[in-house]
Amino acid sequence: MQKKIFGFALTTLMVASTLHVQAQYAKTDSTYKRWFVGSSLFLLGNFAPVNPPGFAQLNLGYRITRRDVISLELITWKHAWPLGINPFYNNAYGTSEEKFPGYIRQYGFAIAHQRYLWKGLYMATHIAPMWQTYKNENDNKVGNGFIIFNTSRIGYHVKLLKDRFFIEPSLGIGGRTYQSEMPEGFKQKDDKWPKWTPEPGLHFGYNF
């Protein structure tokens, strides 16, 4: 499922980059709306037959200017393998050898800034403080933690249905600038893998 999402996001990004759309809104654009709500296509990962992430995300955004956008993203998910194992190209993800002795539930928010460079092409930075709950194999709590997770993205904004809706396929690099001490067992697995990894994305939303 995750590889299919990545492939779809990459294909959409390539197609979107060939479209002649104008995401930098003109002053005379009567459809220009400053606010939007949205989420991420990673919601589909919740239907995975193995290790579904229990993922949820709600975005609320505001267009400060016709080139600059800020947004608040409320996010939660869980994972049973180190974040440094990229599931899109690393076969170690999902193996019993690299699995945590339980899982980590994370919840928090991200502040994002998006800057349009040319037509729909944009760059974005996401800074996400996340609180963590560590659970063992019996679903009992064994600790708490905190991370700051940053993502840098390049993507394309595609207007749909007279700019009532939009999609934003993107490619990025995500990782932790801060990680509190992990419980033993979790730390041993996590230390084996990098703190940064490529991260595809496909946001969607509704303008109002």
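The values are calculated or read from the model by the stated rules, or taken from the named source; none is laboratory data. In this text the structure is predicted, and so the values were computed from the model without any measurement. So basically every Cβ, Gly included, is an ideal-geometry build from the backbone, and we count neighbours across all protein chains shown.
When both residues are 6+ apart or on different chains and their Cβ atoms are under 6 Å apart, which pairs have a first residue that lies in the range 188-208 and is touching a residue at least 12 places away in the same chain (Cβ under 8 Å), and a second that is part of a loop (DSSP other than H, G, I, E, B) and among the aromatic types (Phe, Trp, Tyr)?
Filtered contacts from the range 188-208: 189/100.
May I ask you to list the residues in the range 79-127 that are among the basic types (Lys, Arg) and over 28 Å from residue 37 (Cα atoms)?
99
State which residue is nearest to residue 36 (Cα to Cα) when the search covers only the range 55-78 and only residues that are assigned to a loop (DSSP other than H, G, I, E, B) and either among the aromatic types (Phe, Trp, Tyr) or out of contact with any strand residue (DSSP E or B) (no Cβ under 9 Å at 6 or more places or on another chain) (or both).
Step one: filter the range 55-78 for residues assigned to a loop (DSSP other than H, G, I, E, B), giving 55, 64-67.
Those still in the list that are either among the aromatic types (Phe, Trp, Tyr) or out of contact with any strand residue (DSSP E or B) (no Cβ under 9 Å at 6 or more places or on another chain) (or both) too: 55, 65.
On the way: 55: 21, 65: 14 Å.
Top of the filtered list is 65.
Quick one: is residue 102 touching a helix residue (DSSP H, G or I) at 6+ places or on another chain (Cβ under 8 Å) and at positive phi?
Details: touching a helix residue (DSSP H, G or I) at 6+ places or on another chain (Cβ under 8 Å): yes; at positive phi: yes.
So residue 102 passes the test.
From the set of residues in the range 39-63 that are surrounded by fewer than 18 Cβ atoms within 10 Å (Cβ to Cβ) and touching a Lys or Arg at 6+ places or on another chain (Cβ under 7 Å), which is nearest to residue 115 (Cα to Cα)?
The selected residue is 62.
Of everything in the range 64-102, what is more than 14 Å from the chain's Cα centre (by Cα), crowded, with 19+ Cβ neighbours inside 10 Å and within 17 Å of residue 167 (Cα to Cα)? Give them in sequence order.
Within the range 64-102, 69 is the sole residue that qualifies.
Can you go through 188, 106 and tell me which one is at pLDDT 95 or above and part of a strand (DSSP E or B)?
106
Anything in the range 103-118 that is more than 15 Å from the chain's Cα centre (by Cα) and aromatic (Phe, Trp, Tyr)? List them, or say none.
103, 116, 118
Looking only at the range 139-170, filter to residues that are among the hydrophobic types (A, V, I, L, M, F, W, C) and buried (at least 17 other Cβ atoms within 10 Å of the Cβ); which one of those is farthest from residue 40 (Cα to Cα)?
147
Failed condition for residue 68, given (1) acidic (Asp, Glu); (2) more than 19 Å from residue 200 (Cβ to Cβ); (3) touching a Leu at 6+ places or on another chain (Cβ under 8 Å), with all others met?
Failed condition: (3).
Can you tell me which residue is farthest from the chain's Cα centre (by Cα) among those in the range 119-149 that are small (Gly, Ala, Ser) and not in a loop (DSSP other than H, G, I, E, B)?
Applying the filter and picking the extreme gives 143.
Of all residues being small (Gly, Ala, Ser) and assigned to a loop (DSSP other than H, G, I, E, B) in the range 40-54, which is farthest from residue 146 (Cα to Cα)? Just the residue, please.
It comes out as 48.
Could you figure out which of (1) over 26 Å from residue 90 (Cα atoms); (2) out of contact with any His (no Cβ under 9 Å at 6 or more places or on another chain); (3) modelled with pLDDT of 95 or more; (4) surrounded by 15 or more Cβ atoms within 10 Å (Cβ to Cβ) isn't true of residue 121?
(2)
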